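The values are calculated or read from the model by the stated rules, or taken from the named source; none is laboratory data. Keep in mind that this is a model prediction, so the values were computed, not measured.
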Amino acid sequence: MGTLHISDTDLARDPYSVLAKVEGRPISACIASAKASGSKLILDEGFAKDVEEGIKERSQPWNPPCWD
């Protein structure tokens, strides 16, 4: 990620946000890689549902701080 230089004046005048790009592989790519490497991975029929529920359990609503 690059460096952004902002003057104190600009920082005080304009609101700024920092966005991070998250790198990763889709679960389908992980499964394909496991199969290609000869893994004995066994997924039951509810696997996708379990993954979605796990994501929902760990997801939190974003409540940005108030700058007043």
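Could you list, in sequence order, the residues of region 1-45 that are over 16 Å from the mean Cα position of the chain (by Cα) and basic (K, R)? The answer is R13, K35, K40. A count restricted to region 4-26 and to residues that are farther than 26 Å from W67 by Cα and at pLDDT 80 or above stands at 3.
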